[in-house]
């Protein structure tokens, strides 16, 4: 009987260590694959730790990489999650609280042939055109989501522009992919729209982006030529 109890204890301890150390890696890989396919962008998670007994989870260094630009669109340094531990192994994951802290958003844009391309509108278009999908059959609902310490940087390597501002903290409730929750993709679209508005109104003054889109180098060239012609006429006269 003693050997039986010892065997049971060893099995329980072994199972616990398997879940703690192997389970975290498996779940991290599943999360990376499913979020990447859902957003049509690669996502990386540096570290994930889940306490399966109390439903606490912590993640560090989460990056949503750009598709046509270098670097990342969003970098989240820290995520703290409080969820229903028993729901982890079901199809409906109930998440009580999520804290996203120290977020860096990089708005990359290029200007070529009178066209502005950026990393925000391209992702939004992918989501609107339903070019994104998820292999997961899991449903989730986040009851409360807090986003704190957000910075936004507008970058254009070919125009040699880099400007940064700090954004206000955000709070969302009842977010997920269930019938009872607000669609997380719709929330993302709203955030993208707000990002574009912030870039135009707070980072670039005097409708910089609109002027850039309407910029015609031929007009500038013609104006320069006209000025040179006028100067030559004055010199001749």
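Remarks
- Gain upon complete extension [residue 138, residue 60; 0.36 nm per residue less C-alpha separation]: 25.8 nm
- From least to most packed, judged by other beta carbons within 10 angstrom and beginning with the fewest, 104, 68 follow the order 68, 104.
- If R0 equals 41 Å, the separation of the Cβ atoms of residue 25 and residue 201 corresponds to a calculated FRET efficiency of about 0.40.
- Paramagnetic label zone (point 7 Å from Cα along Cα-to-C-beta, residue 121; backbone N under 17 Å) in the stretch 58-80: 67-69
- Label point distance in nm, residue 53-residue 149, each placed 7 Å from Cα along Cα→Cβ: 2.9
- Full-stretch length increase - residue 189, residue 162 - with 0.36 nm per residue and alpha-carbon distance subtracted: 7.3 nm
Only the coordinates and a few stated rules stand behind these numbers; no lab work does. These figures come from a predicted structure and were not determined experimentally. Methodologically, a virtual Cβ is constructed for each residue, glycine included, from the backbone with ideal geometry; neighbour enumeration extends over all protein chains shown.
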